[in-house]
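Structure record follows, encoded as structure tokens.
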Amino acid sequence: MNLVTIEQVSKQYSDRVLLDQVDLMINSGDRVGLIGRNGSGKSTLLKLLAREESPDTGQLTIWGKVRVRYLPQEPVLDGGLTVLETVFSTESAQMDLLRRYEQVSAAMAAAPDDPVLQAQFSKISEEMGRLDGWSAEAAAKIILTKLGITDYGARVSTLSGGQRKRVAMARALLDTADLLVMDEPTNHLDAETIAWLEKYLVTTPNALFMVTHDRYFLDRVANQIIDLDRRKLVKYEGNYSRYLEKKVERDERLAAKEDKRRKFIRRELEWIKRAPSARGTKQKARKQRAEELGKIRYDRKDRNLSMVLAGRRLGKKVL
């Protein structure tokens, strides 16, 4: 089943083009690793999928009732909520039920004799049994524990940046989204937790689209690699090791094709120089063809660096 279709999408900031008429399809069961140079536009593509940004041109279609959950590198969480309240703050009906249950339970702890709260607690407890909320609550606590979070009642404002990322990850993993988009999910995780996350993601029914610099993680989790290469998306089937093999083959083919183009231009220019003026019409056509081929610029991945310095001196040296 197709979840997301990207057609001829372009995106740029100022005069810097990050995506140039790219195409991509994400289907159920895909576990995609997106790789590319730093600053090439990987996080921008994730934000496009999460609908946090819009393409400049082209079409990005999320079909039907497909739900996308986005886990950024630095998630923004409500500091006033507890860990469990944050984990349950999703659009899922089951998670919404758990969030209400936690709120009523906390209120009951403060005022156990309140008849209104007692009635609410009784009603929501029935709903928990009907919607299998108890299992979902247990699953949430297990995932939090595996991610190194054991104080479920702690306020998010008291957590470190790494702990916040883990809470946000738990919320993303528990959500019933069809596509889970993750930006550097292994940051702030130790080896044991990464190993657990790998096993969890391999068995999840959600489609995955992730950016990570952890090649071993990609080897174990991804079944497709998308290379953001020179503003285009190049798809490779298989994990990261398979990608490395296919990438070398593709680069060799491109280099051979460019070498062939240059040799052809050289031969045409030599012919033009030798050709007598009596063959003017044919010579003109061949000359135009050589000129057109000469205009094609082969992208060797060289990158230009733009620097804008401050108007005032901040010190004796400015880099």
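The values are calculated or read from the model by the stated rules, or taken from the named source; none is laboratory data. Values in this document were obtained by computation on a predicted structure and should not be read as measured data. Note that we place each Cβ from the backbone using ideal geometry, even for glycine, and neighbour counts take in every protein chain shown. Quick note on the areas: whole protein, heavy atoms, side chains included, nothing else; ligands and nucleic acids left out. Shrake-Rupley method; radii C 1.70, N 1.55, O 1.52, S 1.80 Å.
Laid out as a table, the results:
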quantity	calculated
Answer residue from region 1-12, given it is under 24 Å from GLY238 (Cα atoms) and in a strand (DSSP E or B) and is most open to solvent (accessible area, probe 1.4 Å) among those	GLU7
Given (1) in contact (Cβ under 8 Å) with a residue 12 or more places away in the chain; (2) open to solvent by 40 Å² or more (accessible area, probe 1.4 Å); (3) farther than 17 Å from VAL181 by Cα, index of the condition ASP15 fails	(1)
Residues within region 51-64 that are open to solvent by 30 Å² or more (accessible area, probe 1.4 Å), under 16 Å from the mean Cα position of the chain (by Cα) and of a type outside the set (Ser, Thr, Tyr), tallied	5
Set ILE35, ILE26: member being assigned to a strand (DSSP E or B), out of contact with any Phe, Trp or Tyr (no Cβ under 7 Å at 6 or more places or on another chain) and modelled with pLDDT of 90 or more	ILE35
Scan of region 229-248 for residues that are more than 23 Å from SER28 (Cβ to Cβ) and among the aliphatic types (A, V, I, L, M), ordered by number	LEU244, VAL248
Among residues of region 65-90, those that are without any contact (Cβ under 8 Å) to a residue 40 or more places away in the chain and either closer than 26 Å to LEU49 by Cβ or open to solvent by 30 Å² or more (accessible area, probe 1.4 Å) (or both), counted	2
Strands (runs of 3 or more DSSP E) fully within region 148-257 counting 1 or more residues that are touching a residue at least 12 places away in the same chain (Cβ under 8 Å) and exposed (fewer than 14 other Cβ atoms within 10 Å of the Cβ)	232-237
Residues that are touching a residue at least 24 places away in the same chain (Cβ under 8 Å) and more than 30 Å from THR193 (Cβ to Cβ), drawn from region 117-144	ILE124, SER125, GLU127
Residues of region 18-39 satisfying the condition of being within 23 Å of ASP219 (Cβ to Cβ), open to solvent by less than 20 Å² (accessible area, probe 1.4 Å) and in contact with a Lys or Arg (Cβ under 7 Å, 6 or more places away or on another chain)	LEU34
Of all residues making up region 38-72, the number that are part of a loop (DSSP other than H, G, I, E, B), polar (S, T, N, Q) and modelled with pLDDT of 90 or more	1
Residue within region 65-72 that is of a type in the set (D, E, K, R), touching a helix residue (DSSP H, G or I) at 6+ places or on another chain (Cβ under 6 Å) and farther than 23 Å from ARG230 by Cα present	yes
Sole residue being surrounded by fewer than 18 Cβ atoms within 10 Å (Cβ to Cβ), among the aliphatic types (A, V, I, L, M) and more than 30 Å from LYS199 (Cβ to Cβ), chosen from ALA107, ALA93	ALA107
Residue, modelled with the highest pLDDT, within region 122-147, restricted to residues that are crowded, with 17+ Cβ neighbours inside 10 Å and within 15 Å of ASP96 (Cα to Cα)	ALA140
For ARG266: the one exception among (1) at pLDDT 75 or above; (2) more than 30 Å from SER40 (Cβ to Cβ); (3) surrounded by 12 or more Cβ atoms within 10 Å (Cβ to Cβ)	(3)
